[in-house]
Amino acid sequence: MSEIFYAVIILYGGIQFFELNAIVARLTGFKFGSVMIGYSLQQSVYMVTRLLLMIMLPMIGFLLDTGISKDEFSIMAHLSLLFASIMGAICFFSSGMTIGYFRCVIERYRKGGNFIRALLNGFNSSRFEKNSIKLLLPSKFDYKMFIISNSVYTLYSTGMFLTFYFALIHEDNRTMISQMSGIVNALGAVIITFVIEPAISKMIDEKNSDAHSMIASLFWGRIVAVSITGQILLVFVFYA
């Protein structure tokens, strides 16, 4: 198996790691009274994932063009989600450092100055945030948000692999099918934008104490999507 095979796995895990930390940034802003700065931090972290995705997609296309087998592709997809699950666990257990960093960025930016400079200087003066794990645990589990989040991110986390898999097994329409990966990602983004984000924003605007639980439930919905339900969906499609 080529280096690109393993590079895809690492890049995919990195994407999930940063996107989970984007939710942590949102929670940090909510916790320390800077909701909109926390939202800006979330979007800034998302930009990193878009860069990684732009690097990864041509690599998967290259693997298809160079004759990766169906079995090798399915192994790559499963290992990618497995590595992403490990990165999710690292995100959770390292949340003390992550939240400390985001808190430092927020405090520096609130005092005045450049947002990018605050992001960079945050590494120099960040501190470990005690009891950080509690911030990621919903005080009142929002099952509705968890189910919506899990459903959306199951599709979002596997859609790219599924479209490229169908492109692999249907050579005559490979180019057209591979382009569908963007549509699948866009569909997930539409649901996040028009369903999940407005619900969270409404609760925050109403100063509802359940807003924290909703964001935390969103975090866990994504963790379960990558580690469990996404794997189940891949098994169903690859081996059914």
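Just so it is clear, none of the values below were taken in a lab; they were calculated from the coordinates. Quick caveat, the model's predicted, so the values are computed rather than measured. As a convention, Cβ positions derive from the backbone with ideal geometry for all residues, glycine included, and neighbour counts pool all protein chains shown.
A few comments on the model shown:
- Hey, G96 over 25 Å from T229 (Cα atoms), touching a residue at least 12 places away in the same chain (Cβ under 8 Å) and in contact with a Cys (Cβ under 6 Å, 6 or more places away or on another chain) or not: no
- Counting residues in the stretch 7-14 that are within 18 Å of I99 (Cβ to Cβ) and aromatic (F, W, Y) gives zero.
For every residue, the table says whether it meets (1) without any contact (Cβ under 8 Å) to a residue 40 or more places away in the chain; (2) among the charged types (D, E, K, R); (3) over 21 Å from T28 (Cα atoms); (4) not in a helix (DSSP H, G or I).
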residue: Q179; (1), (2), (3), (4): yes, no, yes, no
residue: G182; (1), (2), (3), (4): yes, no, yes, no
residue: L187; (1), (2), (3), (4): yes, no, yes, no
residue: V195; (1), (2), (3), (4): no, no, yes, no
residue: P198; (1), (2), (3), (4): yes, no, no, no
residue: M203; (1), (2), (3), (4): yes, no, no, no
residue: M214; (1), (2), (3), (4): no, no, no, no
residue: V226; (1), (2), (3), (4): no, no, yes, no
residue: T229; (1), (2), (3), (4): no, no, yes, no
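- If the condition is being among the aliphatic types (A, V, I, L, M) and surrounded by fewer than 21 Cβ atoms within 10 Å (Cβ to Cβ), then the stretch 137-173 contributes L137, I147, I148, L155, L162, I169.
- Subset of the stretch 130-175 (residues that are out of contact with any Lys or Arg (no Cβ under 8 Å at 6 or more places or on another chain) and aliphatic (A, V, I, L, M)): I133, L136, L137, M145, I147, I148, V152, L155, M160, L162
- Test: residue in the stretch 99-112 that is under 21 Å from I37 (Cα atoms), small (G, A, S) and touching a residue at least 24 places away in the same chain (Cβ under 8 Å): yes
- The residue that is surrounded by the fewest Cβ atoms within 10 Å (Cβ to Cβ), counting only those in the stretch 21-73 that are farther than 30 Å from I169 by Cβ and of a type in the set (D, E, K, R), is K31.
- For the stretch 8-16, the criterion of being of a type in the set (S, T, N, Q), farther than 16 Å from S213 by Cα and crowded, with 23+ Cβ neighbours inside 10 Å is satisfied by at least one residue.
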